[in-house]
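What follows is one structure encoded as C-alpha coordinates, with my remarks underneath.
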Amino acid sequence: MRRIVLVTGGGNGIGKAVAARFRSGGDTVIITGRDADRLTNTATEIGARPVPCDATDPQQVAQLADDLGADLDVLVNMAGGNTDLHQPDGKGTPLEQVLAAWRANLDGNLLSAVLTTTAVLDKLRPGGSIINIGSIGAEYASTSYGAAKAALAAWTAGLSSTVGTKDVTANLIAPGYIAGTGFFHGQLSEQRRTALINATHNKRVGQPSDIAETTYFLASAGARHITGQTMHVNGGAHTTR
Ligand SMILES: NC(=O)c1ccc[n+]([C@@H]2O[C@H](COP(=O)([O-])OP(=O)(O)OC[C@H]3O[C@@H](n4cnc5c(N)ncnc54)[C@H](OP(=O)(O)O)[C@@H]3O)[C@@H](O)[C@H]2O)c1
(Lines give C-alpha, C1' and ligand atoms only; values in the text may rest on other atoms or scores of the structure.)
Protein backbone atom coordinates (compact mmCIF):
# COMPACT_ATOMS: atom_id res chain seq x y z
CA MET A 1 0.00 0.00 0.00
CA ARG A 2 1.21 3.49 -0.81
CA ARG A 3 1.35 5.23 2.56
CA ILE A 4 0.52 8.88 3.19
CA VAL A 5 3.28 10.54 5.22
CA LEU A 6 3.34 14.01 6.80
CA VAL A 7 6.73 15.45 7.75
CA THR A 8 6.55 18.80 9.54
CA GLY A 9 9.75 20.80 9.06
CA GLY A 10 10.40 18.76 5.93
CA GLY A 11 11.81 21.63 3.87
CA ASN A 12 15.45 21.20 4.85
CA GLY A 13 17.89 19.54 7.21
CA ILE A 14 16.90 16.26 8.82
CA GLY A 15 13.26 16.66 7.79
CA LYS A 16 14.19 16.83 4.11
CA ALA A 17 16.23 13.62 4.45
CA VAL A 18 13.30 11.89 6.16
CA ALA A 19 10.85 13.06 3.51
CA ALA A 20 13.20 11.93 0.73
CA ARG A 21 13.58 8.50 2.37
CA PHE A 22 9.84 7.90 2.40
CA ARG A 23 9.58 9.15 -1.21
CA SER A 24 12.30 6.73 -2.31
CA GLY A 25 10.21 3.96 -0.73
CA GLY A 26 7.26 4.98 -2.93
CA ASP A 27 5.17 6.77 -0.31
CA THR A 28 3.13 9.93 -0.82
CA VAL A 29 4.79 12.67 1.24
CA ILE A 30 3.53 16.05 2.43
CA ILE A 31 6.09 18.47 3.88
CA THR A 32 5.48 21.62 5.91
CA GLY A 33 7.46 24.62 7.11
CA ARG A 34 7.22 28.38 7.40
CA ASP A 35 9.55 29.31 4.53
CA ALA A 36 7.22 28.76 1.55
CA ASP A 37 9.88 29.27 -1.14
CA ARG A 38 12.33 26.77 0.37
CA LEU A 39 9.48 24.33 0.92
CA THR A 40 8.41 24.55 -2.72
CA ASN A 41 11.97 24.04 -3.97
CA THR A 42 12.46 20.98 -1.77
CA ALA A 43 9.07 19.57 -2.73
CA THR A 44 9.95 19.88 -6.42
CA GLU A 45 13.36 18.28 -5.83
CA ILE A 46 12.12 15.19 -3.97
CA GLY A 47 8.60 14.86 -5.36
CA ALA A 48 6.67 15.80 -2.22
CA ARG A 49 3.66 18.05 -1.74
CA PRO A 50 4.42 21.35 0.04
CA VAL A 51 1.96 22.88 2.51
CA PRO A 52 3.27 26.04 4.19
CA CYS A 53 2.33 25.87 7.87
CA ASP A 54 3.69 27.28 11.13
CA ALA A 55 3.28 24.35 13.52
CA THR A 56 2.90 26.69 16.49
CA ASP A 57 -0.15 28.44 15.00
CA PRO A 58 -3.45 26.64 15.76
CA GLN A 59 -5.25 28.20 12.79
CA GLN A 60 -2.54 27.20 10.32
CA VAL A 61 -2.38 23.70 11.79
CA ALA A 62 -6.17 23.34 11.52
CA GLN A 63 -5.94 24.46 7.88
CA LEU A 64 -3.18 21.90 7.27
CA ALA A 65 -5.42 19.17 8.68
CA ASP A 66 -8.23 20.28 6.36
CA ASP A 67 -5.87 20.22 3.36
CA LEU A 68 -4.61 16.71 4.07
CA GLY A 69 -7.63 14.64 3.16
CA ALA A 70 -9.19 11.85 5.19
CA ASP A 71 -6.26 9.49 5.74
CA LEU A 72 -2.73 9.55 7.10
CA ASP A 73 -0.34 6.69 7.85
CA VAL A 74 2.80 8.31 9.22
CA LEU A 75 3.23 11.58 11.11
CA VAL A 76 6.78 12.82 11.68
CA ASN A 77 6.89 15.84 14.00
CA MET A 78 10.28 17.20 12.92
CA ALA A 79 9.57 20.96 13.12
CA GLY A 80 11.66 22.55 15.83
CA GLY A 81 15.07 23.82 16.78
CA ASN A 82 16.71 25.74 19.59
CA THR A 83 15.08 29.17 19.56
CA ASP A 84 17.80 30.43 21.93
CA LEU A 85 20.07 30.46 18.87
CA HIS A 86 18.00 33.31 17.39
CA GLN A 87 18.88 36.85 18.46
CA PRO A 88 16.63 37.94 21.37
CA ASP A 89 14.69 41.15 20.71
CA GLY A 90 15.86 42.55 24.08
CA LYS A 91 12.35 43.78 24.97
CA GLY A 92 11.04 43.72 28.53
CA THR A 93 12.60 43.17 31.92
CA PRO A 94 15.22 40.43 32.37
CA LEU A 95 12.58 38.09 33.82
CA GLU A 96 10.17 38.85 30.98
CA GLN A 97 12.97 37.99 28.56
CA VAL A 98 13.51 34.66 30.33
CA LEU A 99 9.78 33.95 30.07
CA ALA A 100 9.70 34.81 26.35
CA ALA A 101 12.77 32.65 25.65
CA TRP A 102 11.32 29.63 27.46
CA ARG A 103 7.93 30.04 25.80
CA ALA A 104 9.59 30.18 22.37
CA ASN A 105 11.32 26.83 22.88
CA LEU A 106 8.24 25.21 24.42
CA ASP A 107 6.11 26.51 21.54
CA GLY A 108 8.57 25.48 18.85
CA ASN A 109 9.50 22.03 20.12
CA LEU A 110 6.66 20.76 22.30
CA LEU A 111 3.42 22.53 21.45
CA SER A 112 4.14 22.36 17.71
CA ALA A 113 4.06 18.55 17.93
CA VAL A 114 1.07 18.54 20.29
CA LEU A 115 -0.97 20.78 17.98
CA THR A 116 -0.13 18.88 14.80
CA THR A 117 -0.72 15.47 16.37
CA THR A 118 -4.04 16.56 17.87
CA ALA A 119 -5.20 18.02 14.56
CA VAL A 120 -4.49 14.91 12.48
CA LEU A 121 -4.96 12.12 15.05
CA ASP A 122 -8.34 10.97 13.69
CA LYS A 123 -6.84 10.54 10.22
CA LEU A 124 -4.22 8.00 11.30
CA ARG A 125 -5.15 4.58 9.96
CA PRO A 126 -4.52 1.29 11.80
CA GLY A 127 -0.89 0.32 11.22
CA GLY A 128 0.10 3.97 11.42
CA SER A 129 2.99 5.60 13.26
CA ILE A 130 3.74 8.86 15.03
CA ILE A 131 7.43 9.73 15.27
CA ASN A 132 8.43 12.76 17.29
CA ILE A 133 11.93 14.21 17.13
CA GLY A 134 13.54 14.98 20.48
CA SER A 135 17.18 15.61 21.27
CA ILE A 136 20.14 14.37 23.25
CA GLY A 137 19.80 17.82 24.85
CA ALA A 138 16.86 16.45 26.85
CA GLU A 139 19.32 14.39 28.90
CA TYR A 140 21.06 17.54 30.14
CA ALA A 141 18.01 19.79 30.32
CA SER A 142 19.45 22.91 31.89
CA THR A 143 18.10 24.90 28.94
CA SER A 144 14.57 25.61 27.80
CA TYR A 145 15.37 23.67 24.60
CA GLY A 146 16.41 20.57 26.57
CA ALA A 147 13.41 20.88 28.86
CA ALA A 148 11.05 21.20 25.88
CA LYS A 149 12.50 18.08 24.24
CA ALA A 150 12.35 16.18 27.57
CA ALA A 151 8.67 17.10 27.87
CA LEU A 152 8.13 15.94 24.29
CA ALA A 153 9.65 12.55 25.16
CA ALA A 154 7.43 12.21 28.25
CA TRP A 155 4.34 13.19 26.28
CA THR A 156 5.22 10.71 23.52
CA ALA A 157 5.24 7.83 26.02
CA GLY A 158 1.77 8.80 27.23
CA LEU A 159 0.54 9.32 23.68
CA SER A 160 1.57 5.75 22.88
CA SER A 161 -0.81 4.44 25.53
CA THR A 162 -3.74 6.37 24.07
CA VAL A 163 -3.18 5.46 20.41
CA GLY A 164 -2.05 1.86 20.95
CA THR A 165 -5.55 0.41 20.85
CA LYS A 166 -6.01 1.98 17.40
CA ASP A 167 -2.94 0.02 16.22
CA VAL A 168 -0.94 3.24 15.97
CA THR A 169 2.57 3.44 17.44
CA ALA A 170 4.16 6.55 18.96
CA ASN A 171 7.90 6.87 19.48
CA LEU A 172 10.51 9.57 19.84
CA ILE A 173 13.90 9.67 18.17
CA ALA A 174 16.51 11.62 20.13
CA PRO A 175 19.34 12.61 17.77
CA GLY A 176 22.82 13.55 18.93
CA TYR A 177 24.78 16.08 16.93
CA ILE A 178 23.67 15.93 13.29
CA ALA A 179 25.78 17.87 10.80
CA GLY A 180 24.70 19.58 7.59
CA THR A 181 21.49 21.19 8.82
CA GLY A 182 20.40 24.72 9.68
CA PHE A 183 20.14 23.90 13.39
CA PHE A 184 23.15 25.85 14.67
CA HIS A 185 22.60 28.95 12.51
CA GLY A 186 26.35 29.13 11.89
CA GLN A 187 27.05 29.39 15.62
CA LEU A 188 28.82 26.05 16.18
CA SER A 189 32.49 26.71 16.93
CA GLU A 190 35.15 24.28 15.67
CA GLN A 191 36.08 23.57 19.29
CA ARG A 192 32.50 22.65 20.22
CA ARG A 193 32.10 20.55 17.06
CA THR A 194 35.24 18.61 17.92
CA ALA A 195 33.98 18.07 21.47
CA LEU A 196 30.66 16.73 20.16
CA ILE A 197 32.45 14.27 17.87
CA ASN A 198 34.83 13.19 20.65
CA ALA A 199 31.83 12.44 22.88
CA THR A 200 30.68 9.70 20.48
CA HIS A 201 31.97 6.11 20.52
CA ASN A 202 32.40 5.98 16.76
CA LYS A 203 34.09 9.39 16.48
CA ARG A 204 31.95 10.80 13.73
CA VAL A 205 29.19 13.31 13.20
CA GLY A 206 25.63 12.12 12.75
CA GLN A 207 24.13 12.54 9.30
CA PRO A 208 20.52 13.38 8.43
CA SER A 209 20.39 9.95 6.76
CA ASP A 210 21.05 8.30 10.17
CA ILE A 211 17.79 9.79 11.43
CA ALA A 212 15.97 9.17 8.15
CA GLU A 213 16.75 5.45 8.24
CA THR A 214 15.68 5.12 11.90
CA THR A 215 12.45 6.98 11.19
CA TYR A 216 11.74 4.77 8.19
CA PHE A 217 12.31 1.66 10.31
CA LEU A 218 10.02 2.85 13.12
CA ALA A 219 7.26 3.33 10.55
CA SER A 220 7.84 -0.12 9.02
CA ALA A 221 5.90 -3.36 9.47
CA GLY A 222 8.86 -4.81 11.37
CA ALA A 223 8.57 -2.21 14.14
CA ARG A 224 4.91 -2.68 15.14
CA HIS A 225 5.74 -3.82 18.69
CA ILE A 226 8.00 -0.83 19.34
CA THR A 227 5.94 1.95 20.88
CA GLY A 228 6.21 4.44 23.72
CA GLN A 229 10.00 4.47 23.39
CA THR A 230 12.77 7.02 23.10
CA MET A 231 15.29 5.83 20.54
CA HIS A 232 18.71 7.44 20.89
CA VAL A 233 20.66 7.93 17.66
CA ASN A 234 23.92 9.54 18.70
CA GLY A 235 26.93 7.29 18.06
CA GLY A 236 27.09 6.45 21.76
CA ALA A 237 27.33 10.02 23.01
CA HIS A 238 24.53 9.12 25.44
CA THR A 239 23.98 5.48 26.34
CA THR A 240 21.02 3.62 27.84
CA ARG A 241 20.69 0.18 29.40
N1 LIG B 1 20.94 19.08 13.99
C2 LIG B 1 21.09 18.57 15.20
O3 LIG B 1 22.23 18.40 15.70
C4 LIG B 1 19.89 18.14 16.01
C5 LIG B 1 20.11 17.40 17.18
C6 LIG B 1 19.03 17.00 17.95
C7 LIG B 1 17.74 17.30 17.55
N8 LIG B 1 17.54 18.03 16.41
C9 LIG B 1 16.14 18.32 16.05
O10 LIG B 1 15.91 17.88 14.73
C11 LIG B 1 14.84 18.65 14.15
C12 LIG B 1 15.29 19.17 12.78
O13 LIG B 1 16.38 20.05 12.96
P14 LIG B 1 17.54 20.26 11.87
O15 LIG B 1 18.81 19.95 12.50
O16 LIG B 1 17.17 19.58 10.59
O17 LIG B 1 17.49 21.84 11.71
P18 LIG B 1 16.96 22.76 10.51
O19 LIG B 1 17.76 22.47 9.27
O20 LIG B 1 16.97 24.15 11.05
O21 LIG B 1 15.48 22.27 10.27
C22 LIG B 1 14.41 22.66 11.10
C23 LIG B 1 13.14 22.55 10.29
O24 LIG B 1 12.03 22.82 11.14
C25 LIG B 1 11.19 23.78 10.49
N26 LIG B 1 10.50 24.53 11.52
C27 LIG B 1 11.03 25.13 12.61
N28 LIG B 1 10.07 25.73 13.32
C29 LIG B 1 8.90 25.48 12.66
C30 LIG B 1 7.55 25.84 12.88
N31 LIG B 1 7.18 26.59 13.94
N32 LIG B 1 6.61 25.41 12.01
C33 LIG B 1 6.96 24.67 10.94
N34 LIG B 1 8.22 24.31 10.67
C35 LIG B 1 9.18 24.72 11.51
C36 LIG B 1 12.14 24.61 9.63
O37 LIG B 1 11.49 25.21 8.52
P38 LIG B 1 11.04 26.76 8.50
O39 LIG B 1 12.16 27.56 9.10
O40 LIG B 1 10.79 27.03 7.05
O41 LIG B 1 9.79 26.83 9.30
C42 LIG B 1 13.09 23.53 9.14
O43 LIG B 1 12.55 22.87 8.02
C44 LIG B 1 14.51 19.74 15.16
O45 LIG B 1 13.36 19.37 15.89
C46 LIG B 1 15.75 19.78 16.06
O47 LIG B 1 15.45 20.25 17.35
C48 LIG B 1 18.58 18.45 15.64
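What to note about this one:
- Exactly one residue out of T227, T181 is open to solvent by 30 Å² or more (accessible area, probe 1.4 Å), over 15 Å from the mean Cα position of the chain (by Cα) and of a type in the set (S, T, N, Q): that is T227.
- From the list D27, D66, the lone residue that is of a type in the set (D, E), away from the ligand (no atom under 11 Å from the Cβ) and crowded, with 18+ Cβ neighbours inside 10 Å is D27.
- Residue match in region 81-90 (condition: crowded, with 16+ Cβ neighbours inside 10 Å, within 8 Å of the ligand (Cβ to nearest atom) and at pLDDT 95 or above): yes
- Residue within region 178-190 that is at pLDDT 95 or above, on the phi > 0 side of the Ramachandran plot and out of contact with any His (no Cβ under 6 Å at 6 or more places or on another chain) present: yes
- Scoring G47 on the criteria (1) farther than 24 Å from I136 by Cβ; (2) within 14 Å of the ligand (Cβ to nearest atom) leaves a single failure, condition (2).
- Of residues in region 143-178 being in a loop (DSSP other than H, G, I, E, B) and over 16 Å from V76 (Cβ atoms), the one most open to solvent (accessible area, probe 1.4 Å): D167
- Condition check for Q97 on (1) more than 16 Å from the chain's Cα centre (by Cα); (2) open to solvent by 50 Å² or more (accessible area, probe 1.4 Å); (3) polar (S, T, N, Q); (4) within 14 Å of the ligand (Cβ to nearest atom): one failure, at (4).
- Among residues of region 1-16, those that are within 12 Å of the ligand (Cβ to nearest atom) and either modelled with pLDDT under 95 or part of a helix (DSSP H, G or I) (or both), counted: 4
- For region 130-142, residues that are out of contact with any Leu (no Cβ under 8 Å at 6 or more places or on another chain) and either part of a helix (DSSP H, G or I) or modelled with pLDDT under 95 (or both) total 6.
- Yes/no for S129 being small (G, A, S), touching a residue at least 60 places away in the same chain (Cβ under 8 Å), farther than 22 Å from H185 by Cβ and buried (at least 17 other Cβ atoms within 10 Å of the Cβ): yes
The values are calculated or read from the model by the stated rules, or taken from the named source; none is laboratory data. These figures come from a predicted structure and were not determined experimentally. Reconstructed Cβ throughout: ideal geometry from the backbone, glycine too, with neighbour counts over all protein chains shown. Please note that ligands, DNA and RNA were not included when accessible areas were found on the heavy atoms of the full protein model with its side chains. Shrake-Rupley method; radii C 1.70, N 1.55, O 1.52, S 1.80 Å.
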